[in-house]
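A short worksheet on the structure shown next.
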Amino acid sequence: MTLESDNDSIETGTWICEMALWSEWYHTGMLVSDTSLDVIAMDAEKFCEVCSQHSGLTTVILQKLAILSVAHLEEVQREGGTVSDIGFGPVIWNQLWYRAQQFRDRELKDILGSG
């Protein structure tokens, strides 16, 4: 797949537009594929609605992941990086997911330790 405007290639398996799950998002550019591809679409508003109706460890991690992903996006902007619909990639998402789990584990330790 490539971005038509500046011909940037993206790797197989790259997610696009996932920041719409975590923040108010405005799409940029036009994505065009020169091969067949699979598309999975999620309704971001419905995703947020469903998440807000539940509690538990998964919801805590998702909340932390949302905060960390927006913070990472802000850091990219501060450093002069390009913000687009193309995702951070698996390395960054894995780092953010790991940090979200660490925050959750610290909160659990505080809650259980104070009991």
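The values are calculated or read from the model by the stated rules, or taken from the named source; none is laboratory data. Keep in mind that this is a model prediction, so the values were computed, not measured. Cβ sites come from the backbone with ideal geometry, for glycine too, and all protein chains shown count toward neighbours. In case anyone asks, the SASA skips ligands and DNA or RNA and just uses the protein heavy atoms, side chains included. Shrake-Rupley method; radii C 1.70, N 1.55, O 1.52, S 1.80 Å.
So here's what we get for this one:
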item: Residues located in the range 38-76, provided they are touching a Ser or Thr at 6+ places or on another chain (Cβ under 9 Å), open to solvent by 80 Å² or more (accessible area, probe 1.4 Å) and touching a residue at least 24 places away in the same chain (Cβ under 8 Å); result: none
item: Extreme residue, most open to solvent (accessible area, probe 1.4 Å), among residues of the range 77-114 that are small (Gly, Ala, Ser) and more than 20 Å from Thr14 (Cβ to Cβ); result: Ser114
item: Pairs, first within 24 Å of Glu24 (Cα to Cα) in the range 85-111, second among the aromatic types (Phe, Trp, Tyr) and surrounded by 13 or more Cβ atoms within 10 Å (Cβ to Cβ), C-beta under 6 Å, six or more apart; result: Gly87/Trp15
item: Count of the range 84-115 residues which are under 12 Å from Val60 (Cα atoms) and among the small types (Gly, Ala, Ser); result: 1
